[in-house]
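Have a look at the structure below before the remarks.
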Amino acid sequence: MQRNFMNSYTEIDTPALLNEHYEIIQDRWDQALTACQLDVVILHAGAARFYFEDDQGPRFQPNPHLLQWIPPEYAVANSCLLLSPGQKPCLLFYQPEDYWHATPAAPEHLSTYLDIKVFPTHGALQTYCADHAHKCATDPKGIAFIGEVTDQTQLQSNWQANPPQLIHRAHFARAKKTEYELAAMRNASQMGALGHNAAAQCFTDGGSEFDVHMAYLTASAQNENELPYGNIVAQNENAAFLHYQLQKRECAAVQHSLLIDAGGAFRGYASDITRTYLKTDANTTNETDSVFLELLERMQTHQDKLIAAIAPEQNYVALQQLMHQQLAHILVDTNILRCSATEAFESHLTEAFCPHGLGHLLGLQVHDVGGQQISATGDLQPPPENYPSLRFTRPITQDMVLTVEPGVYFIPALLSNYQAEDRRFNWALIESLKCYGGIRIEDNVRVLTTGVENLTRDAFAAIQSEGHK
Ligand code: GLY
Ligand code: MN
Ligand code: MN
């Protein structure tokens with residue numbers, strides 16, 4: 001199946017987008033190197049690894065710093081990119097003569113932006129890399145290496161391996177997306193939306209967690225290795241596990257709910273989307289179904305309000321608090337908690353129903369780097385003590401892409417911290433809701449000067465307007 005099968009996919013290989021992207025990232029690295037008094041940095045793809053006592057291993061996951069420069073299919077193990085202020089970046093592309101595995105052709109289409117040198121042996125590549133780096137540097141201490149350091153990494157003793165000051169700067173800058181990156185993320189969102197619609201249909205038709213997973217893969221045109229993260233496909237009480245992974249092949253006797261958290265990856269950039277569904281069947285719909293349906297509707301409005309509150313310079317920690325304040329009202333209004341919303345919030349009762357953060361930065365990594373970093377030099381803003389899972393604490397700024405993913409769950413391990421005698425909890429109702437597991441609704445938004453571009457909802461709207469189910 002072709003990936004570019006939708007009219008509404010954004011064309012991303014245009015000179016305008018590529019020129020701007022490479023100009024921006026080159027400028028960022030030049031400035032970071034200069035600030036760190038470094039002459040050159042080697043961004044190393046990494047090396048393939050094997051399982052214990054085996055000649056096979058997990059899929060190769062290239063260094064994300066390199067992925068900002070070349071799409072994943074070209075970020076071949078052992079390859080590297082050399083960056084030096086004022087010089088055209090140089091890609092050393094490893095292309096062994098191999099008859100076990102196919103080796104991709106070098107990304108010659110990027111030769112406007114990168115000098116590309118192809119090496120059939122790792123040894124020749126390493127020798128060239130060291131020579132070239134030393135030519136760019138006045139002193140070997142001016143050479144930085146960013147990448148995983150293993151036994152095979154030929155680091156020279158006076159090179160700087162993963163210097164924190166350089167990495168902090170790179171991580172901090174990455175939060176602001178270029179137009180090319182945004183285009184890639186729009187496409188990743190459409191892939192996700194196609195998968196989600198097929199998943200919902202599969203669930204309606206009685207599919208198991210495994211069936212839903214497979215329907216998602218087919219419709220989003222991704223294989224397991226291409227997913228930005230392992231699909232979370234949880235039916236019934238399994239939705240109470242935030243990152244549920246088992247994908248059961250058999251269905252429960254009664255299917256109550258589906259929570260699916262699954263994304264798309266396009267040119268290395270991710271979408272991260274969650275939807276939750278109630279299994280509606282007029283013959284079996286009961287009173288608890290009605291409560292869960294009301295919860296679902298309230299959670300959608302809850303998310304809408306949180307998204308509406310996003311703006312540059314807004315404090316995400318304040319939004320995290322707002323999430324719990326709004327959740328307090330929902331839990332009280334649905335009679336799950338029998339106290340005031342103020343008491344539910346101030347006594348931290350809502351935290352038993354939603355132990356994760358409101359969201360995180362998104363990009364080359366699903367939980368993208370730098371979310372708790374408040375300066376380019378690496379100052380950190382840790383999350384508040386009562387929200388330890390909050391991954392994003394820095395001020396919101398324009399062209400960040402964030403997830404907004406409020407949830408409400410019935411998690412036995414958290415609820416059991418409260419006494420059965422605590423009358424603030426409607427234990428009977430909570431017990432009857434455990435079979436639905438929980439709800440999460442997750443969209444990805446780009447911050448504008450005012451408000452947001454909702455990549456996720458735009459993607460669902462685009463595929464609907466094109467007649468895709
Ligand atoms: N898919 C993981 C998350 O939503 O953070
Ligand atoms: Mn997320
Ligand atoms: Mn997610």
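Quick notes on this one:
- Cross-link table Lys88/Lys177; Lys88/Lys176; Lys141/Lys177, entries beyond 25 Å C-alpha to C-alpha: Lys141/Lys177
- Potential lengthening of the chain between His122 and Glu73 amounts to 15.8 nm, from the contour at 0.36 nm per residue minus the alpha-carbon distance.
- Only Lys, Arg, Asp and Glu carry charge here, each on its Cβ (+1 for the first two, -1 for the last two); on that basis the chain has a dipole of about 440 debye about its Cα centre.
- Measuring nothing but how far apart in sequence close Cα pairs (under 8 Å, 6+ apart) lie, relative to its length, region 194-267 scores a relative contact order of 35 percent.
- Here the translational diffusion coefficient of the chain follows from Stokes-Einstein with Rh set to the Kirkwood radius across Cα pairs; for 25 °C and 0.890 mPa s it amounts to 102 µm²/s.
- Given the chain, longest segment not containing exposed loop chymotrypsin sites (Phe, Trp or Tyr not before Pro) (DSSP; at most 12 other Cβ within 10 Å): 101-469
- Going from the residue with the fewest nearby Cβ atoms within 10 Å to the one with the most, Asp304, Asp422 rank Asp422, Asp304.
- Angle in degrees between helix 316-333 and the longest Cα principal axis of the chain, rounded to the nearest 10: 20 degrees
- Working from Cα pairs under 8 Å separated by at least six residues, relative contact order for the chain is 16 percent.
- Distance in nm between pseudo-label sites at Tyr9 and Lys88 (7 Å out along the Cβ direction from Cα): 2.9 nm
- Reciprocal mean inverse distance between Cα atoms of region 196-261 - Kirkwood radius, Å: 11.7 Å
- Counted by neighbouring Cβ atoms within 10 Å, the residues Ile12, Ile260 run from fewest to most as Ile12, Ile260.
- Looking at region 225-276, the GluC sites (Glu not before Pro) that sit in a DSSP loop and have at most 14 other Cβ atoms within 10 Å of their own Cβ are Glu250.
- Each of Leu414, Asn386, Trp427 was placed along the dipole of region 335-469 (beta-carbon charges, centred on the mean Cα), and the one lying farthest toward the positive end is Trp427.
- Degrees, to the nearest 10: 209-220 long Cα axis against longest axis of the chain: 50 degrees
- Straight-distance candidates among the lysines for linking to Lys305, with alpha-carbon spacing under 22 Å and chain neighbours fewer than 8 residues away dropped, are absent.
- Computed over the chain, the per-residue total of -39500 (n - 2.57) for DSSP H runs of n ≥ 4 gives a 222 nm mean residue ellipticity of -10500 deg cm²/dmol, rounded to 500.
- On Cα atoms only, tilt of 164-174 relative to the major axis of the chain in degrees: 60 degrees
- Straight Cα distances below 15 angstrom link Lys135 to the aspartates and glutamates Asp39, with same-chain residues fewer than 8 positions distant left out.
- Dipole of the chain, positive direction: furthest Cα of Ala77, Ala376, Ile42, with charges on the beta-carbon: Ala376
- For region 86-212, the dipole from Cβ point charges (+1 on Lys and Arg, -1 on Asp and Glu) about the Cα centre works out to 740 debye, to the nearest 20.
- Residues with amide H under 5 Å from that of Val118, placed H, sequence gap 5 or more: Phe93
All of the numbers you see were taken from the coordinates with simple rules; none came from a lab. Note that the structure is predicted; figures quoted are calculated from it, not measured. Cβ atoms come from the backbone with ideal geometry, glycine included; neighbour counts cover every protein chain shown.
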